[in-house]
Amino acid sequence: MNKHNGADAPKIPGDYAFITLREKPDLADGAAAWFHEKWGVPKEAYLECMSDYLTGKTGNGWYLCLDGERIVGGLGVIENDFHDRKDLAPNVCAVYTEEAYRGRGIARRLLDLTVRDMRAKGVSPLYLVTDHTGFYERCGWEFLCMAQGDGEPENVALLRLPPFSLARAKNPSQI
C-alpha cells in the first residue's frame, strides 16, 4: 500500500492524464457532480460554467486529472470566485485533489496546465482566493491583498500569478 493509504490510488505515481474538459466533453456531467461533491456549489452552476466553456461562450476553462476514467483532481477558471474584488479576474477556482492522491504533484500540474492554456489565450495575470499558505506561493503565486468572500465572516487571501516573463521562468517548461 502507498503512503496515502488509498486502496484505489495508483501504485505508480504520475500515471495520470491531465486534460481540459474540451478534450473529453462527455465528462462534463460527471465533473460537475464531482466538483459539487467537493465544494457544495450546486451542480447546475458548474454545468452552466462548463457549458459556456464547451460552447466557446467563454475562454475560461476546466481542467481535470484522470486516473483511468476516474476524476482525482480538478480546477476551473471563472470570472469571480465569490469575493468582493470583481476587478481582479479571471480566478482559478475549485482546486481539489482526492485525499488518497495528495502529495503526488497533481494540483501543481493542474495549475501548470491551466496557466499554459490561459497564457496561450493571452490571459495573464490570473487570480485565486485561498486560506492555504505556502503551497500556491511555491507554485509562483504571490499574495496580493485580502478579500471579503461573498457571505463569509472572515477575509481570505487573494493571490495573483504575475504576468509571465522570461526572467521569472524557473525551467524551460514554463515558456
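The values are calculated or read from the model by the stated rules, or taken from the named source; none is laboratory data. As the structure is a prediction and not an experimental result, all values here were calculated from the model. When we count neighbours, we look across all protein chains shown, and the Cβ atoms used for this are built from the backbone with ideal geometry, even at glycine.
Here residue 106 meets the list (1) among the β-branched types (Val, Ile, Thr); (2) touching a Ser or Thr at 6+ places or on another chain (Cβ under 8 Å); (3) more than 24 Å from residue 54 (Cα to Cα) almost entirely, failing just condition (3). Comparison of 28, 7 shows that the only residue that is in a helix (DSSP H, G or I) and either of a type in the set (A, V, I, L, M) or at pLDDT 95 or above (or both) is 28. Residues in segment 97-122 that are under 19 Å from residue 61 (Cα atoms), surrounded by fewer than 20 Cβ atoms within 10 Å (Cβ to Cβ) and within 15 Å of the chain's Cα centre (by Cα): 108, 109, 112, 113, 116, 117, 119.
The requirement of being under 23 Å from residue 35 (Cα atoms), in a helix (DSSP H, G or I) and touching a strand residue (DSSP E or B) at 6+ places or on another chain (Cβ under 8 Å) is fulfilled nowhere in segment 88-95; no residue meets it. Consider segment 123-141 and keep the residues that are among the hydrophobic types (A, V, I, L, M, F, W, C) and buried (at least 16 other Cβ atoms within 10 Å of the Cβ). The one that is nearest to the chain's Cα centre (by Cα) is 128.
The residues of segment 38-50 that are surrounded by fewer than 15 Cβ atoms within 10 Å (Cβ to Cβ) and not charged (D, E, K, R), listed by number, are 39, 40, 42, 45.
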